[in-house]
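Okay, structure first, notes after.
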Amino acid sequence: MQAVTATLPGALLQQVHDWPSEWGKDRSGFEKRVGSLYGQFVIGLMIEDAVRTVHPEDTRFHRKGTGGFFPRFAHVITDTVTARRPSDGSRTMSFSLPANAYGSWAIATLWSPKEYRGAASIAEWGTAGMGTIAIGHLIQEFGPDMLSVFHKKKQ
């Protein structure tokens, strides 16, 4: 299921915006987009796991759930760039998430159109990948609060 949620929305968005345009707007272009994003997903997880083997870290997001917006927002950012050490729970820099974001895009340039095969493209899209991780953490942190508006108990 994670593979579907990690690839299908992005492929649909890329299809609507015809990005990259070299792949076309037809079914074949959509299949290339899905295949590319799925490939990035699988490669990213492999890179992440390999980095965790060398530098043990727990990158799962843990919701704070209480307090004001700014402290919780700071928690989201902190949990995006740092990880917990499995041995004692202390904080360390996260190396596996950036390795996933930047490494998977660097490898995806092998099958991307030529204009996306440079260091600038890897920096741009790797940073976008880190932003996507942060947005996912924001949704995990604040989503339940937003949904609770619709589930108020009657007294």
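The values are calculated or read from the model by the stated rules, or taken from the named source; none is laboratory data. Given the structure is predicted, the values throughout are model-derived calculations rather than measurements. Note: ideal-geometry Cβ built from the backbone for every residue, glycine included; neighbour counts use all protein chains shown.
Look at segment 1-25: where a residue is of a type in the set (A, V, I, L, M) and a partner is surrounded by 16 or more Cβ atoms within 10 Å (Cβ to Cβ), sitting 6+ places away or on another chain with Cβ atoms under 6 Å, you get 3/41; 6/41; 11/33; 11/34; 11/37. Of the residues in segment 81-94, none is free of Cβ contacts under 8 Å to residues at least 12 places away in the same chain, surrounded by fewer than 19 Cβ atoms within 10 Å (Cβ to Cβ), part of a helix (DSSP H, G or I) and on the phi < 0 side of the Ramachandran plot.
In segment 51-69, which residues are outside any loop (DSSP other than H, G, I, E, B) and surrounded by fewer than 14 Cβ atoms within 10 Å (Cβ to Cβ)?
If we filter segment 51-69 for residues that are outside any loop (DSSP other than H, G, I, E, B), which is where we start, we get 51-54, 58, 69.
Matches in segment 51-69: 53, 54, 69.
Of the residues in segment 19-35, at least one is modelled with pLDDT under 95, under 19 Å from residue 122 (Cα atoms), part of a loop (DSSP other than H, G, I, E, B) and of a type outside the set (Asp, Glu).
Residues in segment 107-148 that are aromatic (Phe, Trp, Tyr) and either touching a residue at least 40 places away in the same chain (Cβ under 8 Å) or loosely packed, with under 13 Cβ neighbours inside 10 Å (or both): 111, 116, 142.
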